[in-house]
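Structure, as structure tokens:
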């Protein structure tokens, strides 16, 4: 059988995360070919292209018109995701987007519908369920180690990102905040394992309304936070389980980290929903000690940034759905926005989206 050609990809956006993506993509030349890149800042485009050995496109239109580009990797800022993805799909490209898929429900729904109409694959971060530790957790659940699932809890205490990020303001504005920006990581794991969520409640607040940038050319500049920086969400899953999710751009170091799934027979825990080499352990009901579970495969240390791109590239070549689909990302967006809305109105928000859960790797 003839070996499939690597999928030609191009980045739109050369921000903070693009470098790690490129470095990771270039370690898989048999499966991915980095064709080129475009950023609104011309010098950044040229510098990135020179550094990573790809073409510097002069415009988004030029990139989208290229027959060499099969898959667009959307690495723009949160508020640009929906429009860039829409234009790529209209141009006939498959798309993998950074999270969130969009910042509004109507945009997210429209993208899922457009991808189906155009017969294009739409994938989206987070892709952490593809990690070895996360697959180990999922396999233990499927094998019944915890018994019938009853409740879950997850915490993403991401700290004050203005202390290290050179351009933190968009993260503290509408369409971002800790729920959409980092709450999506445990939600990717939880919804992959437990399925869709039926309803949510929430409590959210802007706790530190003024922030000071601590690095880069804007160091010392202060800005106003316009979206809640600390949130709690309560989840009701379609399968009957309930859950709690906390996210924060206030709390950094905390003993409250990781993700736990409790069933009739005990509790499964993963120390981080993000790191592929996180420790996974189990404590049976009635016992006090935790048993560390062996990983399903030798784990990647940290996060392999190309993992989601590799999965959708394989999906393109093998005519299947990507495991981290736009449909699931749209449901996660619905959950995040629902928690924010529930906090504002002080009552439950019923969700309008659903998705077909991914298939496990192991």
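For segment 17-92, just say rounded, prolate or oblate: build the C-alpha gyration tensor, square-root its eigenvalues into a ≥ b ≥ c, call rounded for a/c under 1.5, and beyond that prolate if a/b exceeds b/c, oblate if not.
On the way: a/c = 1.43, a/b = 1.25, b/c = 1.14.
Taking the square roots of the gyration eigenvalues as a ≥ b ≥ c, segment 17-92 is rounded.
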- R0 of 25 Å, Cβ-Cβ distance residue 290-residue 359: FRET efficiency to nearest 0.05: 0.30
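Between residue 317 and residue 113, what's the calculated FRET efficiency when r is the beta-carbon distance and R0 is 22 Å? Round to 0.05.
Values: r = 24 Å, r/R0 = 1.11.
Calculated value: 0.35.
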- Message: Please compute the volume of the convex hull spanned by the alpha-carbon atoms of the chain and report it per residue in Å³.
- Response: 137 Å³
- Rounded tilt (10° steps) of 42-52 against the dominant C-alpha axis of the chain: 80 degrees
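Can you run the Rg to Rh ratio on segment 138-247? Use alpha carbon positions and the Kirkwood inverse-distance Rh.
Numbers: Rg = 16.9 Å, Rh = 15.5 Å.
Taking Rg over the Kirkwood Rh, I get 1.09.
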- Could you check how many percent of all C-alpha pairs in segment 1-150 are farther apart than 26 Å? 33 percent
- Task: Take the Cα coordinates of segment 229-281, assign each an equal point scatterer, and use the Debye formula without solvent to give log10 I(q)/I(0) at q = 0.15, 0.19, 0.25 Å⁻¹.
- Result: -0.53, -0.83, -1.16
- Message: Compute a Gaussian network model of the chain, connecting alpha carbons closer than 10 Å, and tell me which residue from 217, 349, 247 fluctuates the most.
- Response: 217
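By how many nm would the segment from residue 65 to residue 142 grow when fully extended, if each residue of separation counts as 0.36 nm and the alpha-carbon distance is taken off?
Numbers: separation 77, 0.36 × 77 = 27.72 nm, distance 4.41 nm.
My answer for the length gained is 23.3 nm.
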- Query: So how tilted is helix 132-142 from the main axis of the chain? Cα-based, degrees 0 to 90, rounded to 10.
  - Reply: 40 degrees
- With the convex hull built on the alpha-carbon atoms of segment 289-362, volume per residue in Å³ sits at 178 Å³
- Note on the structure: The Kirkwood hydrodynamic radius of segment 215-362, taken as the inverse of the mean 1/r over all distinct Cα pairs, in Å, comes to 18.9 Å
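Rounded to the nearest angstrom and ordered from largest down, what semi-axes does the equivalent ellipsoid of segment 79-142 get from its C-alpha gyration tensor (root of 5λ)? Please list the in-between numbers first.
Numbers: eigenvalues 145, 33, 22 Å².
Ellipsoid half-lengths, sorted descending, are 27, 13, 10 Å.
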- Would you look at the GNM of the chain, springs on alpha carbons closer than 10 Å, and say which of 269, 104, 142 moves the most? 142
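For residue 41 and residue 212, FRET efficiency with R0 = 30 Å and r from the beta-carbon atoms, rounded to 0.05? Write out the running numbers ahead of the final one.
Working: r = 24 Å, r/R0 = 0.81.
The computed FRET efficiency comes out at 0.80.
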- So, by mean Cβ neighbours within 10 angstrom, what's the order for 174-181, 26-33 with the highest one leading? 174-181, 26-33
- Item | 20 Å cut-off, amide nitrogen to a point 7 angstrom out along residue 255 Cα→Cβ, residues in segment 150-165 | 153-159
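Name the shape class, rounded, prolate or oblate, that the alpha-carbon gyration tensor gives for segment 253-297, where a ≥ b ≥ c are the square roots of its eigenvalues, rounded holds for a/c under 1.5, and otherwise prolate holds if a/b is larger than b/c and oblate otherwise.
Working: a/c = 2.03, a/b = 1.32, b/c = 1.53.
In terms of gyration-tensor shape, oblate.
Quick check on the chain: of the DSSP beta bridges with both residues there, what percent are antiparallel, nearest 5%? Don't skip to the end; give the middle numbers.
On the way: 38 of 64 bridges.
Of those bridges, close to 60 percent are antiparallel.
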- Note on the structure: When the chain is treated as a Gaussian network with springs between alpha carbons less than 10 Å apart, the largest mean-square fluctuation among 293, 235, 245 is found at 293
- For the Cα atoms of the chain, what angle does the longest principal axis make with the long axis of helix 81-90, in degrees from 0 to 90, nearest 10? 60 degrees
- Roughly speaking, what is the stretch gain from residue 79 to residue 30, that is 0.36 nm per residue apart minus the C-alpha to C-alpha distance, in nm to one decimal? 14.3 nm
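Just so you know, all these numbers are worked out from the coordinates, no wet-lab data involved. The model shown is predicted, which means the values in this text are computed figures rather than measured ones. Here the Cβ is made from the backbone with ideal geometry for all residues, glycine too, and neighbour counts use every protein chain on show.
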